[in-house]
Amino acid sequence: MKEDSGKEISALAALLAQDEFRTSQELDRKTQDLVFDRRTLTAIYEVLKKSGISHIDYPISSGKESVVFKAYREEKPLVMKIFKMSTLKFQNIRQYIEGDYRFSNERPGKSRFIYLWSKKEFSNLEALQEAGVPAPKPIMFHKNVILMSYIGTARSPAPQLRDADYDAEDVYGQIRTMIRAMYRKAAIVHADLSEYNILYHRKKAYFIDLAQGVSIKHPSAEAFLRRDIKNITNYFIRKGIKADEEKLFKFVTGK
C-alpha cells in the first residue's frame, strides 16, 4: 500500500491510518471484528522489543479468529500470528482446552483464555518440531501473539494444499506419515486437519493452525482424530486416490 506521496507504508501503518486500533469499550457492531484493541497493540509492541523484529509487512491471511502477518528480523521473513481479542470466543474453543491434561492447572478467565490459546498453539508447534513433523518453527509467544518461521518464497507465502499443484499420491503418503508421527511421537491430534490447514512448499507438506490440537489423552482425542482422517480421506478420494478411513486410522494408531 502507498501513501499519496507514493511512499510505501507497512500493513500495520495502514491499519493505524484506518483507525483499526480501539479499546474494547469502544467496540460496537461496526468495529467488533477489528483485529486490534489496546491490549493487542501493547502485546505487539512488547514482542517487537523482545524479538528484534524490524518491521511488520503485509497480512498473509486473515480469518474470524486471527490474522497472520509477514514480519522481518535481520532482513529474514518470519510470521506473526495475532489472535483477535474481540472475536475469539471461549465457548468455541473450550472443548479443546478442557480435558487436555497439559493445561489442567490453567484457570483462564475471560481476559486470559486467548492468551492460553496462544500458549497452546506454541506448545503444539514445539511438540511437532521435536517429533520431526513438518510445521512452522515456533520462535516465541506473548499473550495473544505468536512468532514462527515463514514458509514460502520471497515473492509469496506457501499456498494451502487446496490451492497447490502437486502429485496427489506423493502428498497423501506424506500426510499419512505426518499424522502418524504427530500421534505416536508428539502425542497430539491436530483436531482441525483439512486441505485448508496444510501448506505445500517445495514438494513438501506442512501442518499449520495448531491451537486446537489436543493430547492423545484428551477424552475426545479419538473422535477428533477420526474427524481429521475423514476430512483427509474424503479430500484425497476427490483427487483420485484410493484412500480408506479405517486403514489410515489403523496405520496412525496401530489399533
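How long are the semi-axes of the ellipsoid equivalent to the stretch 104-239, from square roots of 5 times the Cα gyration tensor eigenvalues, in whole Å, largest first?
On the way: eigenvalues 127, 71, 31 Å².
Its equivalent ellipsoid spans semi-axes of 25, 19, 13 Å.
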Exercise for the section: Treat every Asp and Glu Cβ in the stretch 161-253 as -1 and every Lys and Arg Cβ as +1, leave all other atoms uncharged, and give the resulting dipole magnitude about the Cα centre to the nearest 20 debye. Expected result: 300 debye
Exercise for the section: Could you run the Karplus curve 6.51 cos²θ - 1.76 cosθ + 1.60 with θ = phi - 60° over the stretch 138-153 and give me ³J(HN,Hα) per residue in whole Hz, x for Gly and Pro? Expected result: x, 10, 6, 9, 8, 6, 9, 10, 10, 9, 8, 5, 8, 10, x, 9
Exercise for the section: Using the structure shown, list the pairs from Lys185/Lys255; Lys89/Lys203; Lys217/Lys250 with a Cα-Cα distance above 24 Å, or answer none. Expected result: Lys89/Lys203
Handout entry: Among Tyr150, Asn105, Gly132 the positive-end extreme of the charge dipole of the stretch 93-150 (Cβ point charges)
Key = Asn105
Completion exercise
Descending packing, highest mean Cβ count within 10 Å first, for 168-181, 206-219, 234-247 is 206-219, 168-181, 234-247
Exercise for the section: Mind listing the long-range amide H neighbours of Ser66? Cut-off is under 5 Å, sequence gap 5 or more, other chains count too, H placed in the peptide plane at 1.01 Å from N. Expected result: Lys84
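Quick note: the coordinates plus some simple rules give every number you see, no bench work behind them. Because the structure is predicted, anything quoted here is derived from the model rather than measured. Here Cβ is always computed from backbone atoms with ideal geometry, including for glycine, and neighbour counts include all displayed protein chains.
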